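For reference, the structure discussed in these notes is given below.
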Amino acid sequence: MQLVKRILLQMSNLSKPQFKFLLTLFSTTLMLRGRMNFRNLARYSQLSEMTYLRNFRKPFDFNELNRQLIEETVPAKHVKIAALDCSYIPKSGKQSYGIDRFWSGQANQAKLGQEISLLSVIDLSYGTAYSLSVEQTPESVEIGKTEENRIDCYLKQVAENEKALKRLDINYLAVDGFYTKTRFIQGVLAAGLQLIGKLRADANLRYLYQGSQRTGRGAPKRYDGKVDFNDLSRWELVTKLPDNLELYTAVLNSPRFKMNLRVVYLRDLNKPAKRVLFFSTDTEASALDIFRFYKARYQIEFIFRDAKQHTGLTDCQARNKEALNFHFNTALTTLNILKNLDRKAKTTQAKKACSIASWKARLFNEHLLERFIQHLELEPILIKNHPRFEELRFYGSIAA
């Protein structure tokens, strides 16, 4: 918590009462058992339910806190990309902000509830994702009923964090096939980023004309026919992968997006009819980098999983917009703090899974031992120097 305390002290416009509240909040959520609602937070701290309710409605710049946490956790020399994705949040009742029908990947259908949009930073050198910004998707009545209007909400989130991404030396944003839309691609490029995404298997693409131009009147020839995926003679074979996979690439034109793209074709020789197409708006990008960056995008799913299982992402007791936003940010920032603790505890920079469940168990044990020492008036030096003390601290820890 010393790192969080140091960052909060550097942040402007933070009052002393809010500073104390945030320290208590993060200290409590790090070791909290059970649901992360106001009543349970009050059980594990000295603050009341009303204090939590009141402070959850106050604004706080979580994005700046997350950015500094990422800078402190990820070495500057590591390769980093950004990733954007949404997650369905179940919520009962009709009076909560943002209730609408959103897509649930688990149920494989649209369900009534809430949705959050997460902009994350992925450390490719270590294989871990960190939350930078989370925003709740407004309901259709507020933004309009067309899908494109939700795209504008996601683009606004990217634009608002443009400077933070540049400070973190990030040039690429990886997204799944849902975001492969003209409006989103143009918006990302306007924000100074290059997009990496996924195309439809039957995408309409055409080759660029590479031959000599005829003289005379008329526009020069730009394209050289539609792409036939059964003929890869004009594609470059990049590499052969395990499990009988091949990676091809070419710079092609997309009539739909009205631009040239670096397209990467993942071909499965065992299933010739199946094709997976990745793309980048950066035509100079390496095909292997595009493939690697898109695969790394999946790390954002582990943020959603860990936040729902361990830091109470779906436990919010509040209904108004400000408190919901504060709750979602708290759950995801707590994950960043735990990952920072994990990185500092490791003696090597090699990739190694981080077990959030183990850290929660360890921090709860430390909290409980401190309570025993304080309330039973035990001698802390003797207790903490006991050879079995470390065993109690790690009691209940599991592998990642």
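The values are calculated or read from the model by the stated rules, or taken from the named source; none is laboratory data. None of these values were measured; they are calculated from a predicted model. A quick note on method: Cβ atoms are made from the backbone with ideal geometry, for glycine too, and the neighbour counts reach across all protein chains shown.
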Just the residues that are within 15 Å of PHE26 (Cβ to Cβ) and aliphatic (A, V, I, L, M), please, taken from the range 319-342. ALA331, LEU332, LEU335, ILE337, LEU338, LEU341
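Suppose we keep only residues that are basic (Lys, Arg) and part of a helix (DSSP H, G or I) within the range 354-398. Which one would you say is nearest to LEU335 (Cα to Cα)? Write out each step before concluding.
Start the filter on the range 354-398 by keeping residues that are basic (Lys, Arg), which leaves 360, 362, 371, 384, 388, 393.
Now narrow it down to the ones that are part of a helix (DSSP H, G or I): 360, 362, 371, 384, 393.
Details: LYS360: 10, ARG362: 15, ARG371: 24, LYS384: 27, ARG393: 20 Å.
Selected residue: LYS360.
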Does GLN18 qualify as being within 26 Å of the chain's Cα centre (by Cα) and either in contact (Cβ under 8 Å) with a residue 40 or more places away in the chain or assigned to a strand (DSSP E or B) (or both)? no
Would you mind finding the one in LEU30, LEU47, LEU8, LEU25 that is more than 22 Å from GLN157 (Cα to Cα), surrounded by 14 or more Cβ atoms within 10 Å (Cβ to Cβ) and in contact with a Phe, Trp or Tyr (Cβ under 6 Å, 6 or more places away or on another chain)? LEU8
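Would you confirm whether or not the range 102-111 contains a residue that is under 18 Å from GLU135 (Cβ atoms), of a type outside the set (Gly, Ala, Ser) and either touching a Lys or Arg at 6+ places or on another chain (Cβ under 6 Å) or surrounded by fewer than 18 Cβ atoms within 10 Å (Cβ to Cβ) (or both)?
Yes, the range 102-111 has at least one match.
Being in contact with a Lys or Arg (Cβ under 8 Å, 6 or more places away or on another chain) and of a type in the set (Asp, Glu) is the requirement here; does ASP123 meet it?
yes
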Examine the range 98-119 for a residue that is part of a loop (DSSP other than H, G, I, E, B), within 18 Å of TYR154 (Cα to Cα) and in contact with an Asp or Glu (Cβ under 9 Å, 6 or more places away or on another chain), and state whether such a residue exists. yes
Sole miss for ILE151 among (1) in a helix (DSSP H, G or I); (2) more than 18 Å from the chain's Cα centre (by Cα) is condition (2)
Considering only the range 227-256, state which residues are loosely packed, with under 15 Cβ neighbours inside 10 Å and small (Gly, Ala, Ser). SER233
Being out of contact with any Asp or Glu (no Cβ under 8 Å at 6 or more places or on another chain), assigned to a strand (DSSP E or B) and without any contact (Cβ under 8 Å) to a residue 60 or more places away in the chain is the requirement here; does ASP231 meet it? no
Let me confirm something: among ASP224, ASP202, ASP169, ASP152, which residue is over 29 Å from CYS316 (Cα atoms), acidic (Asp, Glu) and surrounded by 13 or more Cβ atoms within 10 Å (Cβ to Cβ)? ASP224
The one condition in (1) surrounded by 20 or more Cβ atoms within 10 Å (Cβ to Cβ); (2) in the same structural domain as GLN68 (by TED's automatic domain parsing) that PHE278 fails to fulfil: (2)
Only one of PHE364, PHE328 is within 28 Å of GLU64 (Cβ to Cβ), in contact with a helix residue (DSSP H, G or I) (Cβ under 9 Å, 6 or more places away or on another chain) and in contact (Cβ under 8 Å) with a residue 60 or more places away in the chain, namely PHE328
Of the residues in the range 179-201, those that are under 25 Å from ASN329 (Cβ atoms) and free of Cβ contacts under 8 Å to residues at least 40 places away in the same chain number 4
With the condition kept exactly as written, say whether any residue in the range 103-118 is in contact (Cβ under 8 Å) with a residue 12 or more places away in the chain, of a type in the set (Val, Ile, Thr), at negative phi and touching a strand residue (DSSP E or B) at 6+ places or on another chain (Cβ under 7 Å). yes
